[in-house]
Amino acid sequence: MKKTTRILALISAFLLSASCFFGCKGTASKPSTTTASDVYDPDAGIDRKKIVAPLVENGRTEYKIVHSANVTETEEYACEELQSLLYQSTGVALPIVSESLVSNKATNKIISVGETELLANAGFDIDREALSTDGFVLKTKGNGLYIYGNNQRGTLYGVYDFLEKIVGVKFITSDCTYVPELSKIDLPTMNVTEVPYFPYRGMWTYQANQKTEISQTWYARSRNNNEFAVREEKYGGGIEWAKQMDPVHSTLSYVPNTEYYVTEEQKAENAHMYCIKNGNVLDICFTDGMTEDGKIDESMEVSAIKVALESFKNFALAEPEAKYFSFGFMDTTESCTCADCVKSNQKYTITGTYIRFANLLMEEFNKWKAERMPDREVYLMIFAYMNRMKAPLVFNEETEKYEVREGAALHEDIYVRITPWWANHYYALTDPNQTQTWAHTVLEEWSYVTDNVMAWTYAAAFGNCHWYYPVRQKYVDQIKEFGAVNTEYMFVQLVGWEPSWQTYMDEYVLSKLLWNPNRDVNQLTAEFCYYYFGDEADDEVMQFVTFFDEYYRVAEETSNRKFFFQQLTGYTYHKLEYLEYGLEVLDTAKEQVNASTSYSEAEKQTLAKRLDLVRLTPLYMRMYNGNQYFQDNKTKRQESVNAFFDLCYELGIAYYGENRSIYSLFETYGYQEK
């Protein structure tokens with residue numbers, strides 16, 4: 001028997017103490033608005049009572065994995081993944097063959113992967129347009145199973161979907177894939193269609209940032225795709241995102257100061273092209289080389305717009321398959337203070353000035369493209385970020401509606417990537433509890449400007465990444481808000497500089513939600529804990545997670561408080577006994593792992609290390625407020641400091657936040673090295 005009976009009692013006791021601690025000022029939780037049609041059904045399109053045939057039974061199979069005679073690299077890899085994982089599960093290797101070696105009979109026991117003649121002859125009515133980007137179908141007919149994606153990635157994702165739903169494979173992290181040991185797998189009748197909620201989905205994380213095969217394989221298996229991850233052809237390729245420039249803050253890739261602002265002579269001649277402060281180039285000047293009516297000033301031999309245009313052309317020539325080209329301003333709130341920029345910002349807003357430059361760049365590029373590559377699709381991507389978050393609108397008193405400022409309308413071939421960095425990441429943008437009121441209307445306001453929307457959002461506490469921060473429970477609303485404005489690409493930034501247990505957990509949950517936001521967050525969290533921490537420790541880790549999830553929820557509701565992250569770090573909001581309870585639960589989990597007879601020594605070491613990553617969280621939170629917790633006990637305070645840093649050393653953890661070194665905290669907290 002597992003240990004789940006303890007959870008309800010512990011949580012009930014916690015809720016009682018939390019209610020007393022925060023008082024009774026809040027109101028009851030809002031009732032769920034989920035309808036039956038919103039509920040995710042993993043068996044949709046699968047009739048498990050109607051079996052086509054045994055796929056594997058008693059160490060044997062009559063099935064073959066079949067690809068087309070003109071198999072692509074992705075289809076070949078999809079076949080290999082299917083064969084490999086089925087073999088790991090059953091010990092039976094299904095042969096992989098070309099369809100040229102298979103007769104076209106309904107009685108054939110085959111798994112057709114990708115665009116085959118067998119699929120065409122099966123007579124399925126597949127709405128390829130409805131599959132959109134990355135969508136796929138799993139269909140049975142006769143004795144055959146047909147896996148087809150609308151693109152190469154879709155076919156690979158279809159294979160993974162089959163392995164998850166029918167075989168029970170779980171792709172948890174790059175170093176944790178669960179494959180069940182089965183003696184028999186039945187092939188049920190299937191008519192499955194899966195279409196991702198967003199055409200493009202991705203996360204900035206430690207796993208995604210690693211350029212290793214194991215990390216890229218996991219990223220493909222989790223059905224994510226972004227411009228940062230290496231996307232080899234076997235994984236279905238990457239999104240059609242240009243790689244010649246920085247994928248995010250790229251304006252200085254178009255007008256490179258490393259080329260035009262190096263020598264003293266260049267600095268004297270070309271300073272007009274840049275936003276410069278204290279001798280440092282921060283960005284380009286977004287009016288340089290433009291006339292007042294938004295055209296190129298041909299009287300200038302060298303200008304920011306002319307240099308940017310030539311760079312854009314060269315980028316397009318260098319990457320003939322690229323579709324999206326980033327033109328994101330640099331990561332600064334500074335803007336050019338030249339007379340033209342000041343005047344333009346006053347007339348069009350700082351966002352409008354940025355848009356006007358991008359518009360002209362796109363217009364002139366399209367003139368050139370019409371002659372050189374008329375049938376090619378090319379789009380620019382700009383950022384709505386920091387001081388360019390607000391759309392360039394004016395309110396018409398007569399119509400009582402917002403309108404785009406004259407001269408600041410966005411070109412139809414430009415996407416805006418809404419990036420609400422200054423919003424409260426704990427809440428969705430339109431949530432009534434969102435502390436940044438400007439965020440409530442940002443999506444609506446940009447809808448007046450464009451239908452071409454992408455998103456870059458956040459789901460981590462970047463200044464204190466070891467702090468417990470339960471954004472999983474809140475993120476469904478954020479996803480659905482962006483889905484409601486037809487966001488083409490949803491990207492979530494998590495902790496990306498080193499391993500983090502919370503990021504691994506959030507990454508697993510979010511990878512499912514970005515595909516379908518109607519998934520059950522609690523179920524996905526429990527699933528992650530079970531497979532990542534093992535069946536001797538998962539209940540304890542889930543207790544830890546549930547305890548602090550409930551803490552945040554109750555603290556928020558009973559205090560009637562709109563929480564921002566900084567408000568949650570104070571010791572008054574985290575009683576020492578809560579943190580000690582968390583450590584006790586995790587210590588129990590580690591003891592159970594070490595005492596287990598079902599794990600090898602290597603497995604015990606792996607699971608113990610994963611549990612230690614979790615222990616960093618309450619250890620950090622305890623140390624952070626140690627001066628308050630241990631006012632009268634310096635020895636206890638020192639022990640808490642040493643416990644955190646010692647474990648960081650042991651695990652190789654070097655940061656406590658983005659660009660914030662653990663070592664920089666030694667003096668702050670008085671770490672006594674061993």
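The values are calculated or read from the model by the stated rules, or taken from the named source; none is laboratory data. All values derive from a computational prediction rather than experimental measurement. Note that each Cβ is placed from the backbone with ideal geometry, even for glycine, and that neighbours are counted across all protein chains shown.
In table form, for the structure just shown:
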read-out: Count of residues meeting criterion [small (Gly, Ala, Ser) and assigned to a loop (DSSP other than H, G, I, E, B)] in region 631-674; value: 3
read-out: The listed residue being at pLDDT 95 or above and crowded, with 16+ Cβ neighbours inside 10 Å, out of 540, 557; value: 540
read-out: The lone exception for residue 300 - which of (1) free of Cβ contacts under 8 Å to residues at least 40 places away in the same chain; (2) surrounded by 13 or more Cβ atoms within 10 Å (Cβ to Cβ); (3) not in a loop (DSSP other than H, G, I, E, B) it fails; value: (3)
read-out: Qualifying residue in region 402-409 (condition: touching a strand residue (DSSP E or B) at 6+ places or on another chain (Cβ under 9 Å), outside the structural domain of residue 556 (by TED's automatic domain parsing) and more than 24 Å from residue 351 (Cα to Cα)); value: no
read-out: Matching residues in region 512-540 - criterion: being among the small types (Gly, Ala, Ser) and either in a loop (DSSP other than H, G, I, E, B) or assigned by TED's automatic domain parsing to the domain that holds residue 590 (or both); value: 534, 537
read-out: Selection within region 306-324 - part of a loop (DSSP other than H, G, I, E, B) and under 19 Å from residue 415 (Cβ atoms); value: 319, 321, 322, 323
read-out: Test set (1) in a loop (DSSP other than H, G, I, E, B); (2) surrounded by fewer than 20 Cβ atoms within 10 Å (Cβ to Cβ) - residue 121 fails condition number; value: (1)
read-out: Test set (1) in contact with a Lys or Arg (Cβ under 6 Å, 6 or more places away or on another chain); (2) within 21 Å of residue 556 (Cβ to Cβ); (3) crowded, with 19+ Cβ neighbours inside 10 Å - residue 464 fails condition number; value: (1)
read-out: Some residue of region 143-156 being modelled with pLDDT of 95 or more, of a type in the set (A, V, I, L, M, F, W, C) and not in a strand (DSSP E or B); value: yes
read-out: Enumeration of residues in region 423-462 that are more than 15 Å from residue 478 (Cα to Cα) and out of contact with any strand residue (DSSP E or B) (no Cβ under 9 Å at 6 or more places or on another chain); value: 437, 438, 451
read-out: Lone qualifier among 603, 577 - being modelled with pLDDT under 95 and surrounded by fewer than 15 Cβ atoms within 10 Å (Cβ to Cβ); value: 577
read-out: Of residues in region 253-283 being part of a loop (DSSP other than H, G, I, E, B) and crowded, with 16+ Cβ neighbours inside 10 Å, the one farthest from the chain's Cα centre (by Cα); value: 261
read-out: Residues being outside any helix (DSSP H, G or I), at pLDDT below 95 and among the charged types (D, E, K, R) - total across region 447-485; value: 1
read-out: Matching entry among 123, 142, 91, 149 (being at positive phi and touching an Asp or Glu at 6+ places or on another chain (Cβ under 9 Å)); value: 91
read-out: Residue that is nearest to the chain's Cα centre (by Cα) [pool: residues in region 172-207 that are assigned to a strand (DSSP E or B) and over 23 Å from residue 147 (Cβ atoms)]; value: 203
read-out: When residues of region 378-394 are limited to those that are part of a loop (DSSP other than H, G, I, E, B) and under 20 Å from residue 333 (Cβ atoms), the one farthest from the chain's Cα centre (by Cα); value: 392
read-out: Condition broken by residue 597, with the remaining ones in (1) loosely packed, with under 15 Cβ neighbours inside 10 Å; (2) among the hydroxyl-bearing types (Ser, Thr, Tyr); (3) modelled with pLDDT under 95 satisfied; value: (3)
read-out: Some residue of region 376-385 being surrounded by 15 or more Cβ atoms within 10 Å (Cβ to Cβ), out of contact with any strand residue (DSSP E or B) (no Cβ under 8 Å at 6 or more places or on another chain) and either under 21 Å from residue 419 (Cα atoms) or modelled with pLDDT under 95 (or both); value: no
read-out: Checking residue 206 against (1) under 21 Å from residue 49 (Cβ atoms); (2) of a type outside the set (Val, Ile, Thr); (3) in contact with a helix residue (DSSP H, G or I) (Cβ under 8 Å, 6 or more places away or on another chain), the condition it does not meet; value: (1)
read-out: Test set (1) modelled with pLDDT of 95 or more; (2) part of a helix (DSSP H, G or I) - residue 628 fails condition number; value: (1)
read-out: Complete set of residues in region 206-252 that are in contact (Cβ under 8 Å) with a residue 40 or more places away in the chain, crowded, with 19+ Cβ neighbours inside 10 Å and among the small types (Gly, Ala, Ser); value: 208, 215, 220, 222, 236, 242, 250
read-out: Leading residue by the ranking (nearest to residue 145 (Cα to Cα)) among those in region 105-122 that are of a type in the set (Gly, Ala, Ser) and in contact (Cβ under 8 Å) with a residue 12 or more places away in the chain; value: 112
read-out: Qualifying residue in region 53-70 (condition: farther than 22 Å from residue 180 by Cβ and free of Cβ contacts under 8 Å to residues at least 24 places away in the same chain); value: yes
read-out: Where a residue in region 389-406 is free of Cβ contacts under 8 Å to residues at least 12 places away in the same chain and its partner, wherever it lies, is outside any loop (DSSP other than H, G, I, E, B) and surrounded by 16 or more Cβ atoms within 10 Å (Cβ to Cβ), with Cβ under 7 Å and at least six apart; value: 395/402
read-out: Out of 332, 353, 349, sole residue that is loosely packed, with under 15 Cβ neighbours inside 10 Å and among the hydroxyl-bearing types (Ser, Thr, Tyr); value: 332
read-out: Flag if residue 179 is surrounded by 20 or more Cβ atoms within 10 Å (Cβ to Cβ), at pLDDT 95 or above and not hydroxyl-bearing (Ser, Thr, Tyr); value: no
